[in-house]
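The values are calculated or read from the model by the stated rules, or taken from the named source; none is laboratory data. Small disclaimer: the values here were computed from a predicted structure and weren't measured. Cβ: placed from backbone, ideal geometry, glycine included. Neighbour counts: every protein chain shown.
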Amino acid sequence: MNNTDIKILIACHKKCPVPSDPVYLPVQVGAEGKQPIGFTPDNTGGNISAKNFMYSEMTGLYWAWKNLTCGYIGLVHYSRFLAMKAKLGTASLDDVLTSDDVKRLLAGHRIILPRRRKYYIETIYSHYSHTLDGSHLDAAREVIAGKCPEYLPCFDNVMGRTWAHLFNMFIMPKTLADEYCAWLFPILEGVEGRIDRSGMNQFQKRFVGAVSERLLDVWLDWQVKAGKIQPDDMAEVPYIYTRKINWPQKITAFLAAKFLGRHVDHNF
């Protein structure tokens with residue numbers, strides 16, 4: 001396996017420092033109608049770049065699904081990366097997974113995921129409902145019931161958990177990612193068509209991307225139950241932030257959402 005077999009997309013909406021390791025491919029998500037920033041744009045070939053205001057980094061994944069040829073595909077973010085070691089506070093680009101790290105992990109596993117995020121006092125559904133709007137996930141359930149009802153038990157199981165693999169971050173064989181995308185994007189399109197966006201601010205309109213974060217585990221659960229993926233095929237690694245996160249505000253907003261009903265309407 002060489003570096004050309006693996007492409008890890010970095011979803012970027014602005015010019016920013018990126019790792020020099022050739023395994024990484026910076027992609028300008030939402031490039032349609034925007035000035036180029038020197039990264040690969042997501043508005044060539046088959047694309048949904050114009051929907052970035054709703055789909056966030058998923059327009060980059062859609063572009064890769066339709067246009068990229070490689071053995072393995074991954075997705076990370078301009079300020080959030082997979083790593084071998086967790087790091088308190090703000091990390092640097094020197095801390096992210098390297099080509100060699102990825103190849104070692106893929107030698108024993110098919111899929112690399114971020115370490116699961118645990119909510120403890122919340123289920124995945126209740127956390128989303130308190131911080132954003134549970135009707136988005138209700139819409140996703142309706143679409144799944146119509147398009148692929150065999151996934152409903154997995155959907156309900158994941159929504160009832162207190163943990164998830166979030167952030168739309170992964171590395172897996174491109175063939176497997178293509179199967180995931182072929183399942184995922186028709187569901188997201190159905191969700192998009194069921195939700196009224198009037199009155200939403202810019203942050204809230206990204207609900208399609210937020211829903212997609214909760215669907216990766218649904219798909220993985222079904223693949224395991226169907227025997228297409230084994231639990232040991234999946235490896236979890238830490239994730240790190242390369243920009244400062246206002247954790248006091250983030251935690252306060254989480255508690256206010258749960259106990260005071262204040263929905264989150266901005267990033268931290």
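Cβ separations smaller than 7 Å between residues 6+ apart or across chains give the following pairs from the range 219-241 residues that are within 17 Å of I112 (Cβ to Cβ) to residues that are aromatic (F, W, Y): W219/Y180; W219/W183; Y239/F81; Y239/F167; I240/F81.
Total residues in the range 168-183 satisfying the condition of being crowded, with 21+ Cβ neighbours inside 10 Å and of a type in the set (A, V, I, L, M, F, W, C): the figure is 5.
Tallying residues that are loosely packed, with under 15 Cβ neighbours inside 10 Å and not β-branched (V, I, T) within the range 118-133 yields 2. Residues that are assigned to a helix (DSSP H, G or I) and under 11 Å from L9 (Cα atoms) within the range 24-53 are absent altogether. Condition first: modelled with pLDDT of 95 or more, surrounded by fewer than 18 Cβ atoms within 10 Å (Cβ to Cβ) and closer than 30 Å to R243 by Cβ. Can you find one or more residues in the range 137-148 that meet it? No, every residue in the range 137-148 fails to be modelled with pLDDT of 95 or more, surrounded by fewer than 18 Cβ atoms within 10 Å (Cβ to Cβ) and closer than 30 Å to R243 by Cβ.
For the range 107-118, filtered to residues that are in a loop (DSSP other than H, G, I, E, B) and among the basic types (K, R), the residue that is farthest from W163 (Cα to Cα) is R110.
Quick test for you: out of E122, E142, pick the one residue that is within 30 Å of D196 (Cα to Cα), out of contact with any strand residue (DSSP E or B) (no Cβ under 6 Å at 6 or more places or on another chain) and assigned to a helix (DSSP H, G or I). Let's see the steps before the verdict.
Working: E122 fails: assigned to a helix (DSSP H, G or I).
Exactly one residue qualifies, and that residue is E142.
When the range 71-106 is filtered for residues that are touching a residue at least 60 places away in the same chain (Cβ under 8 Å), in a helix (DSSP H, G or I) and surrounded by fewer than 21 Cβ atoms within 10 Å (Cβ to Cβ), the ones remaining, listed by number, are L93, D95, S99, K103, L105, L106. Give the range 174-213 a look and list any residue that's hydroxyl-bearing (S, T, Y) and in a helix (DSSP H, G or I), or say none. Once the filter is applied, which keeps residues that are hydroxyl-bearing (S, T, Y) and in a helix (DSSP H, G or I), the range 174-213 yields T175, Y180, S212.
The C-beta contact set for the range 189-209 (first residue over 19 Å from S49 (Cβ atoms), second residue basic (K, R) and surrounded by fewer than 15 Cβ atoms within 10 Å (Cβ to Cβ), distance under 9 angstrom, 6+ apart or interchain) comprises G190/K147; Q204/R197. Within the range 60-68, can one find any residue that is on the phi > 0 side of the Ramachandran plot and either of a type outside the set (D, E, K, R) or touching a residue at least 12 places away in the same chain (Cβ under 8 Å) (or both)? No, because not a single residue in the range 60-68 is on the phi > 0 side of the Ramachandran plot and either of a type outside the set (D, E, K, R) or touching a residue at least 12 places away in the same chain (Cβ under 8 Å) (or both).
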